[in-house]
Structure formats: C-alpha cells, structure tokens
Amino acid sequence: MEEIRRSAPSVEEAVEAALGELGLSEQEADVQVVQEPRSGVFGVGAQEAIVVVRSRIKPDGDLSEDDLDEQAEIATEFLEGMLERMGITATVEPAFEDGTMYVDVIGPEPDDEDMGLLIGRHGQTLEAIQELARVAVGQRMGLPARVVVDIEDYRKRQIERLSARVREIALRVARTGRSETLEPMNPFLRKMVHTAVAEVDGVSSSSEGEGAERRVVIQRTR
C-alpha cells in the first residue's frame, strides 16, 4: 500500500497535503496521527502536526475483481430501488470498461426526458446520485466505493473530453515550463486528471485547495 508522511501546522492541513499528493479522497485512505501540533511557550518547544496517510487502494488503482463485482451489485440494487421509488422506468446494468466498473442507467428510449432529469444541469444531479450510491456501497462493504454511476453514457463522454483537454494542457506545460491550475473538481474527476497527466512525459500533478474548491495543478518535472 502506498503511503506518505507529511507535517503542517495542523492535523487537517497535513492530511490535506498528503491526500493531494496521493490523489486520494478521505474515503480512500487511512490516516495515522504521529504527532499532534503544539504551540509551545513564547515559541519555544513548538511542533507541527505529523501524519502518515496510507492508500486503501491497491497500487494499480483498483480493488479486487470480486470486490468490484460486489460493489456493482450493491450499487445496482440501490439504484433500482431509487428509480422504483421515483416512478422512473430504466434498466440498470454493471459494465467494466477501460479499467473502471460502471453502473449504467439506460432509459427505455433515446433522449428519454427522465434520464435528462437524472443527469441534471451540468451533471449535478448525477453527482448527487453518485454520492448516494457511494455511501450505500461504503456502508455495506466498509471499503471505498470504486464503482461509477453513469446515465446514458454522460460520464464516459465527460471523461473523454476532460482527458483530451488535460493531455493538451500537460503537453503545453511540458513545452513552456509554466504550471497551470485547473478548475475545481470532485474527487472522481480529479483522479481522471491525474491519470491523464501521467500519460505525458515530463509533467506531474498535485491537488490543492479544500472541499468544493479543491483543484489539480499540473507542473513540469524536468
């Protein structure tokens, strides 16, 4: 398991710094507080907080195949129940594509109005559904949820566009040497950014900011 040790004036800042470098969310990591911060007396004896953050994810970025299958089953059951309570007709199907376990929600016909409502403006409703499914999986399995809820391939198209844009930015950073900061993103999209940046030689990425303002910075490494 990958781990990193960081220090900062507070435990929260140290954890944020470590999570950013690992490209993980809080649910994907275990945190050990090695040392609590202390202000000291007149500055004497002051000490920073020290934490060790360990990834709960395997080095290849995935859970075992059995774990993914079980998570997909739980998410499928949750989504089918949610759709039934909402009175929406749709098919829910797990699908493993490009190293990601998706749980696809498919409407009865193309451009179904209900599917548009489930996606919401700029995908905001889909993000809320993803979070609910993540909580449902986490509560049942006690592991970070690695399944991705998609509706009518909205998420897949979003990832394709984002990855292409990030690769262009990374190539520009490698050429000019000027770091670039992307817009705030949720943990899932930040992970997609880190993956896309890793495909470009001579650049690296890290996360900065807190909460909804957390974003990825791309910088040249040589």
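Read-outs: derived from the displayed coordinates by stated rules, not from any lab. Nothing here was measured: the structure is a model prediction, and the numbers come from that model. Don't worry about glycine lacking a Cβ; one is built from the backbone with ideal geometry, like all the others, and counts go over all protein chains shown.
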Checklist entry - Per residue, how much space in cubic angstrom lies within the convex hull of the C-alpha atoms of the chain? => result 150
Item to check | DSSP-defined antiparallel bridges as percent of all bridges, the chain, nearest 5 | outcome: 85
Next on the checklist: Strictly greater than 16 Å: what percent of every Cα pair in the stretch 158-220 meets that?
Outcome noted: 35
Item to check | Label point distance in nm, S7-R167, each placed 7 Å from Cα along Cα→Cβ | outcome: 4.2
Next on the checklist: If I stretch the segment between V34 and D153 completely, what's the gain in nm (0.36 nm per residue apart, minus their alpha carbon distance), one decimal?
Outcome noted: 38.5 nm
Item to check | Residue among I88, I129, I169 with the largest mean-square fluctuation in a Gaussian network model of the chain, springs linking Cα atoms under 10 Å | outcome: I88
Item to check | Choice from A128, A136, A18 with maximal GNM fluctuation in the chain (Cα, 10 Å cutoff) | outcome: A128
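To the nearest 20 Debye, how big is the dipole of the stretch 65-152 about its Cα centre, given +1 on the beta carbon of each Lys and Arg and -1 on that of each Asp and Glu?
Working: 5 positive and 22 negative charges, 109 e Å.
Roughly 520 debye for the stretch 65-152.
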Checklist entry - Local charge sum around V173 (other residues, Cβ-Cβ under 11 Å, Lys/Arg +1, Asp/Glu -1)? => result +3
Checklist outcome for this item: Between D67 and M141, the two model label points (7 Å from Cα along the beta-carbon direction) sit apart by a distance in nm of 0.8
Checklist outcome for this item: Log10 I(q)/I(0) at q = 0.20 Å⁻¹ for the stretch 65-152, from Debye over equal alpha-carbon scatterers, is -0.90
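How large is the dipole of the chain about the Cα centre if only Lys and Arg carry +1 and Asp and Glu carry -1, each at its Cβ, rounded to the nearest 20 debye? Please list the in-between numbers first.
Details: 26 positive and 45 negative charges, 299 e Å.
The dipole of the chain has a size of about 1440 debye.
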Item to check | DSSP bridge pairs, the stretch 3-55: antiparallel proportion in percent, nearest 5 | outcome: 100
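At a threshold of 8 angstrom on Cα-Cα distance, excluding pairs fewer than six apart, so keeping six or more, what relative contact order does the chain reach in percent? Can you show the working numbers first?
Values: 365 pairs, mean separation 35.5, N = 222.
Once divided by the residue count of the chain, the mean separation gives 16 percent.
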Checklist entry - Amide H to amide H, which residues 5 or more places from F96 or on other chains are under 5 Å from it, using H placed in the peptide plane? => result Y102
Checklist entry - Which percent, nearest 5, of DSSP beta bridges in the stretch 62-156 are antiparallel? => result 60
